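The values are calculated or read from the model by the stated rules, or taken from the named source; none is laboratory data. Remember, it's a predicted structure, so these values are computed and weren't measured experimentally. Backbone-built Cβ (ideal geometry, glycine too); neighbour counts: all protein chains shown.
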Amino acid sequence: MARNPQNTERLRPVDLARGHGLSTQAIRNYEEAGILPAADRTPHGYRTYTPLHARALRAFLALVPGHGHGTAVSIMRAVNEGAVEEAFRLIDESHAELLDDRRTLQAVERALRDLDADEATALRPKPTAVSGTWPASPSASGATFIGPLAEKLGIRPATLRKWERAGLVHPHRDPLTGYRVYEEADVRDARLAHQLRRGGYPLDQIAPLLAQVRAAGGLEPLEAALSDWRDRLSRRGRAMLTGAAELEAYLAHWAPPPPPHSA
């Protein structure tokens, strides 16, 4: 792949930094990290860049919003090392992750659609249990213990205990065994918390959200969260398109590095 003649134009680090809100040190760091191809040096040791470096910088900055900083670095480093197929594999992985996130969002939305009016009523705060009123076996009331619930969700019991400490779920204790008992509303809270965690929501955001749902006796707060989640996925998808366009523009002018000289 031949280099474009315009790449003979010489640019200073400040020329690349200008317009992107970057420092000249950041440009040097990007080169050392492999994000930019290696720069030529003047007889006095100063770095000189070309329009090809400017294209590499634009490609990297465009890749970050869609793929994240770490993956964007790996993509550019792979390209500049001549491992273009590895760069494509990394891009494919990001797209697969986005698709998985979309499927998770759809699963949450389906779960909400399955909640009828009776289930929404069950989300209201439960009265404190009186000693001796809980069934000896959770199955007698359709409730479950921590082990079966964790297995059903595909998580560890320790995760459910962590969620309890964070206020996401509020199981009661069986008065005869002392085991945690998760009733239908608790199971539903755990299921929704699990889906929101998969969607990238931290515990400190999920807890007040579920508290609002319980207090309101409805799922309106979750609808707002899902709308925000959907918007974030759409922005990421568009950012991936922008990054792909800039990377293609870079590849159109890029040439593989020369093979190392034999001894």
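Of the residues making up region 80-90, none is in contact with a Phe, Trp or Tyr (Cβ under 8 Å, 6 or more places away or on another chain), in a helix (DSSP H, G or I) and of a type in the set (D, E, K, R).
Taken together, T50, T24 contain a single residue that is surrounded by fewer than 16 Cβ atoms within 10 Å (Cβ to Cβ), polar (S, T, N, Q) and in contact with a helix residue (DSSP H, G or I) (Cβ under 6 Å, 6 or more places away or on another chain), which is T24. Selection over region 162-190 of residues that are in a loop (DSSP other than H, G, I, E, B), within 14 Å of V213 (Cα to Cα) and aliphatic (A, V, I, L, M) gives a count of 2.
Every residue, every condition in (1) buried (at least 17 other Cβ atoms within 10 Å of the Cβ); (2) touching a strand residue (DSSP E or B) at 6+ places or on another chain (Cβ under 6 Å); (3) among the hydrophobic types (A, V, I, L, M, F, W, C); (4) at pLDDT 90 or above, yes or no:
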site: G147; (1), (2), (3), (4): no, no, no, yes
site: E151; (1), (2), (3), (4): no, no, no, yes
site: K162; (1), (2), (3), (4): no, no, no, yes
site: P171; (1), (2), (3), (4): yes, yes, no, yes
site: P175; (1), (2), (3), (4): no, no, no, no
site: Y182; (1), (2), (3), (4): yes, yes, no, yes
site: D186; (1), (2), (3), (4): yes, no, no, no
site: D189; (1), (2), (3), (4): yes, no, no, no
site: Q195; (1), (2), (3), (4): yes, no, no, no
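Out of E184, E246, E151, E164, report the one residue that is assigned by TED's automatic domain parsing to the domain that holds H69 and of a type outside the set (K, R).
Going through E184, E246, E151, E164 in turn, the sole match is E246.
Scanning region 189-214 for residues that are touching a residue at least 40 places away in the same chain (Cβ under 8 Å), touching a helix residue (DSSP H, G or I) at 6+ places or on another chain (Cβ under 6 Å) and over 19 Å from A150 (Cβ atoms) gives G199, V213.
To keep it simple, each residue is scored yes or no on (1) among the basic types (K, R); (2) at pLDDT 95 or above.
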{"position": "P5", "(1), (2)": "no, no"}
{"position": "P13", "(1), (2)": "no, no"}
{"position": "G45", "(1), (2)": "no, no"}
{"position": "P51", "(1), (2)": "no, no"}
{"position": "R58", "(1), (2)": "yes, yes"}
{"position": "P65", "(1), (2)": "no, yes"}
{"position": "R77", "(1), (2)": "yes, yes"}
{"position": "E86", "(1), (2)": "no, yes"}
{"position": "I91", "(1), (2)": "no, yes"}
